[in-house]
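Below you'll find the structure, written out as structure tokens, and then a few comments.
The values are calculated or read from the model by the stated rules, or taken from the named source; none is laboratory data. Computed from a prediction, not measured in an experiment: that's the story for all the values here. Cβ: placed from backbone, ideal geometry, glycine included. Neighbour counts: every protein chain shown. Ligands, DNA and RNA are excluded from the accessible area calculation, which covers all protein heavy atoms including side chains. Shrake-Rupley method; radii C 1.70, N 1.55, O 1.52, S 1.80 Å.
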Amino acid sequence: MVSALPHSSFSSSSFMTSSYMPGYAKLNKRGGAGGWSPSDSDHYQWLQVDFGNRKQISAIATQGRYSSSDWVTQYRMLYSDTGRNWKPYHQDGNIWAFPGNTNSDSVVRHDLQHPVIARYVRIVPLDWNGEGQIGLRIEVYGCSYWADVINFDGHVVLPYRFRNKKMKTLKDVISLKFKTSESEGVIFHGEGQQGDYITLELKKAKLLGSIYGHTSVMTGSLLDDHHWHSIIIERHGRNINLTLDRHIQHFRTNGEFDYLDLDYEITFGGMPFSGKPSSNSRKNFKGCMESINYNGNNITDLAKRKKLEPSNVGNLSFSCVEPHTVPVFFNDTSYLEVPGRPSQDLFSVSFLFRTWNPNGLLVFSNFADGLGNVEIDINEGKVSVHINVTQIKKNRIDISSGSGLNDGQWHEVRFLAKENFAVLTIDGDEASAVRTNSPLQVKTGEKYFYGGFPMQMNDSDHSLFQHSFQGCMQFIHVDDQLVDLQAVEQGKLGSFANVTIDMCAIIDRCVPNHCEHGGKCTQTWDIFKCTCDGTGYSGATCHNSIYELSCEAYKHLGKTSNYYWIDPDGSGALGPLKVYCNMTEDKVWTTVYHDLQPQTSVGGNSLEKLSVLQLNYSATMDQISAITSSAEYCEQFISYSCKMSRLLNTPEGNPYTWWVGKANEKHYYWGGSGPGIQKCACGIERNCTDPKYYCNCDADYKQWRKDTGMLSYKEHLPVSQVVVGDIDRPGSEAKISVGPVRCQGDRGQRGFLGCIRSLRMNGVTLDLEERAKVTPGVKPGCSGHCTSYGMYCANGGKCVEKYNGYSCDCSKTAYDGPFCIKGKCFTQEDLVSRTLLSSTDPETTATDLNLNKEELSFSFSTTKSPCVLLYISSYTQDFMAVLVKPSGKQLLWALSIEGTTDNNTRLTCKIGKIDQDIYKYNTPGFTGCLSRVQFNQIAPLKAALRPTNASSHVHIQGELVESNCGASPLTIPPMSAATDPWHLDSGKVGFVPR
């Protein structure tokens, strides 16, 4: 599009001579000196092209100056409709810098990630060949663009009236483009007498959409930049796509209705005055719109052809009125110096600014005659004024106002000072203006510095504030005079460094929000940060779940049965949920509960033919689906108790009762049966009360009957609803029970399990340990589960490696449970004297029996004394016994060892009956609880109560009853070494036979 343009369409910041004029900057042309070169090669140079009207631009290409050492290696592209208020091209959320050339003649072309529409394009060189200077030839690729434009003055409203007085639509498509300098204003609005309405408006320069009166969504940011923004709204029923500048947001409206009822008309540019409360509180839109389309109707064309009647108030025109503002863009090395009127007794400045930084210098100026200076800062989000006064002892006056002013919005600052008086006003709020009457003498100086200082200023002239301003300013007034910033840009007024005049290159790094899972995004000019508090996630973008994926994972960490938060999809879109993890069995069960009470009654003279029972779970359906999908097996108990209330109406009738599962599908099978089989458990097992039916309840007895069983087809779980029929007859009653969803197994842990080391990719050895530190599910180092979690196997339990985890082998201990912490115990109250428990170890060898050391441990509780707790004998006269003395306050340890133990001797542990020597202590017998009994590797109680290989060697006389009495045994402080008759230096009890 450039090659055919005349020289008059080109302009530049400067040119070296007439042979280097910008008109020669055409790709592959050799006219003049073979391209454009400015008089100075610095960062203030630019080349500009005017296409005469708006074009849709899709690509750009560059060359250096022909056959020279002059070329640009990096540049930015700005674009504009008016040759003012420039906008930099953005890509991937940043102001884009295009790579340039590496020589003078090769062509480097870049296709734009998204096309831009503009009349003017400006190329700003960022870097160039160090052995030459800036030299440039360009070409811009694109096509023609045309659109009808409507200008709204903030008063006029454009209505589009429906052909019918009412419009009831299932599907709507509304599209338009707008640009404005205002942060508030209604773009379009429609409403109906039924309370439905649809509104799209600007709120704090963001786009707010409201529909049906109870659904709102906000998107976008910084939309008051007076550049074109594109909107498309697509609605189908309650599903809506809102597209703003190519960013699509999907959402679903609340409520139950799919149709949108609107009365009479939809208005653009504001809300009609109807007397309704909704029409009075919102500002009208002020700015330009183009390509307005409502359900296929070209609104802008109809308005231009005067087919629509605008409101009588205001003025509707068909050319876009451009604002007269000239923004200034500052970076952290910028300053803008403008002259004032010196030696005045009134100091007055005002301006608008926008920034993301909480701190920065806004204005600094020295008073004349050494009277002091004035400094205006943004400090922790508020505007502060510091007046340094040199002629009085109290040499500093500080005032501040506002809060949260680093929100990216435009804010107005007005400060006025005169003798013994100063006032600071923010955003025109006179009621909140801050005043001071401190002693003050004012005489204005010659220069006012905005945003920073020149490097050559004396240290004594600097402010105490060290942060330069990063952001934009406009409407800068000094001593009640608007500063001519274009004269500053042309070098006719003041000076500047590293500022860009007529452009505000502010970026909202939090839109779209890169913080996941509801993390809060905050930003400064250069970076954004995510606050993850309360989200259940961590990391730079709240991506990593702080919870484990499953109950299986908690077991690997040594946790016991309890409620835990899990995150079954890890860093996915689903949030964490609280479940009960049952780890008392070998398999770990994940349990999700609901609020339906057991044996919920339905029927009983009910006039309703159907009763619907809704189950509300402690998690969403999507979260439960994530659990069932990753589990190996799931089940849910369901029970139907009936009296004259048929269930599935077997063998061939239509079911009276059904349940609703995942995806809202109805299911006509019952617990104990399976999909597609209209039977109950008794029908599968052929044991129904009446064999003619496949469910007990289908026999329609007047007595209570029951059909129960497990639903185990996990693709259908959970049960979300039970619909009960056949309850409207006299005498019909039913009771429903539905258990929680229980799942076990974790398919998510079927990935690679093991160690990787020395990984090389493309010849490069990767630092796996550092990567593992930030990767969920991976840990540095190389060890098995037992190395990491073996310590959780308590009381001598042995850790055993498994493919997907570990288990604790408790067979050699007196304990049970997944971590060998559950002790086996029994209780006996009146038959203890006739109870004999003895055991021999089947794995004991002759060598093992030549013992020179034994260890004994057990727990007990009792309320009666004296009694025998434990007695260990041999086939010789040797024995060991533990007794409770008659006082009940002391234990008596009795030890008798005679001779040397024969290698063929088999030790026998006895609890209850004792030898004659201590028979008197066994009357009337032991009453209480014994648990955790272990002698060396022998656990007689456990062998008696749990079938093991040692069970055949256990002999029980009388009745042995398992109890939980020893779950929390009393803990008695150990005796001191001075009073403990069994104390040994080793700290353990040892027995050495003679």
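Summary of values
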read-out: Matching residues in segment 183-197 - criterion: being within 33 Å of the chain's Cα centre (by Cα) and surrounded by fewer than 18 Cβ atoms within 10 Å (Cβ to Cβ); value: Ser183, Glu184
read-out: Filter result (open to solvent by 30 Å² or more (accessible area, probe 1.4 Å), within 24 Å of the chain's Cα centre (by Cα) and among the hydrophobic types (A, V, I, L, M, F, W, C)) within segment 547-579; value: Leu549, Trp565, Ala573, Leu574
read-out: Selected residue (only one of Val173, Val217, Val157 is open to solvent by 10 Å² or more (accessible area, probe 1.4 Å), under 27 Å from the mean Cα position of the chain (by Cα), more than 26 Å from Val326 (Cβ to Cβ) and of a type in the set (A, V, I, L, M)); value: Val217
read-out: Every pair of residues 6+ apart whose Cβ atoms lie under 8 Å, when the first sits in segment 563-583 and is more than 18 Å from His594 (Cα to Cα) while the second is of a type in the set (Lys, Arg); value: Met583/Lys555; Met583/Lys559
read-out: Segment 586-615, subset open to solvent by less than 90 Å² (accessible area, probe 1.4 Å) and part of a loop (DSSP other than H, G, I, E, B), residue farthest from Tyr656 (Cα to Cα); value: Val588
read-out: Check on Ala422, open to solvent by 60 Å² or more (accessible area, probe 1.4 Å) and among the hydrophobic types (A, V, I, L, M, F, W, C); value: no
read-out: Qualifying residue in segment 745-760 (condition: at pLDDT 85 or above, outside any strand (DSSP E or B), among the aromatic types (Phe, Trp, Tyr) and on the phi < 0 side of the Ramachandran plot); value: no
read-out: Search result, residues across segment 860-896 that are modelled with pLDDT under 70, open to solvent by less than 40 Å² (accessible area, probe 1.4 Å) and of a type in the set (A, V, I, L, M); value: Ala894
read-out: Residue that is farthest from Val579 (Cα to Cα), among those in segment 533-546 that are open to solvent by less than 40 Å² (accessible area, probe 1.4 Å) and in a strand (DSSP E or B); value: Tyr537
read-out: Output for segment 425-456, where each listed residue is open to solvent by less than 80 Å² (accessible area, probe 1.4 Å), among the aliphatic types (A, V, I, L, M) and not in a strand (DSSP E or B); value: Ala433, Leu440, Val442
read-out: Hits in segment 296-325 (condition: open to solvent by less than 70 Å² (accessible area, probe 1.4 Å), assigned to a loop (DSSP other than H, G, I, E, B) and in contact with a helix residue (DSSP H, G or I) (Cβ under 8 Å, 6 or more places away or on another chain)); value: Leu308, Pro310
read-out: Any hit, segment 365-372, residues being part of a helix (DSSP H, G or I) and either buried (at least 19 other Cβ atoms within 10 Å of the Cβ) or aliphatic (A, V, I, L, M) (or both); value: yes
read-out: Qualifying residue in segment 682-698 (condition: of a type in the set (Val, Ile, Thr), touching a helix residue (DSSP H, G or I) at 6+ places or on another chain (Cβ under 9 Å) and in contact (Cβ under 8 Å) with a residue 12 or more places away in the chain); value: yes
read-out: Test: residue in segment 386-403 that is within 30 Å of Phe528 (Cα to Cα), of a type outside the set (Ser, Thr, Tyr) and either open to solvent by 80 Å² or more (accessible area, probe 1.4 Å) or without any contact (Cβ under 8 Å) to a residue 24 or more places away in the chain (or both); value: no
read-out: Residues that are open to solvent by 10 Å² or more (accessible area, probe 1.4 Å) and in a loop (DSSP other than H, G, I, E, B), drawn from segment 639-668; value: Met644, Arg646, Asn649, Pro651, Glu652, Gly653, Asn654, Pro655, Tyr656, Glu665, Tyr668
read-out: Meets criteria (more than 14 Å from Gln133 (Cβ to Cβ), over 51 Å from the mean Cα position of the chain (by Cα) and assigned to a loop (DSSP other than H, G, I, E, B)) for Gly83; value: no
read-out: Qualifying residue in segment 812-829 (condition: among the hydroxyl-bearing types (Ser, Thr, Tyr), under 30 Å from Phe879 (Cβ atoms) and either at pLDDT 70 or above or within 51 Å of the chain's Cα centre (by Cα) (or both)); value: yes
read-out: Some residue of segment 111-126 being open to solvent by 20 Å² or more (accessible area, probe 1.4 Å), polar (S, T, N, Q) and at pLDDT below 90; value: no
read-out: Candidates Cys521, Cys530, Cys515, Cys472, filtered to the one that is assigned to a loop (DSSP other than H, G, I, E, B) and in contact with a Ser or Thr (Cβ under 9 Å, 6 or more places away or on another chain); value: Cys515
read-out: Within segment 62-77, tally of residues that are touching a residue at least 40 places away in the same chain (Cβ under 8 Å) and either assigned to a strand (DSSP E or B) or of a type in the set (Ser, Thr, Tyr) (or both); value: 11
read-out: Options Pro818, Pro780: the member that is within 24 Å of Gly745 (Cβ to Cβ) and assigned to a loop (DSSP other than H, G, I, E, B); value: Pro818
read-out: Leading residue by the ranking (most open to solvent (accessible area, probe 1.4 Å)) among those in segment 1-26 that are within 16 Å of Pro125 (Cβ to Cβ) and part of a loop (DSSP other than H, G, I, E, B); value: Phe15
read-out: Search result, residues across segment 487-501 that are in a loop (DSSP other than H, G, I, E, B) and out of contact with any Asp or Glu (no Cβ under 7 Å at 6 or more places or on another chain); value: Gln490, Gly491, Lys492
read-out: Single residue of segment 220-261 satisfying the filter (of a type in the set (Asp, Glu) and open to solvent by 20 Å² or more (accessible area, probe 1.4 Å)) that is farthest from Glu201 (Cα to Cα); value: Glu256
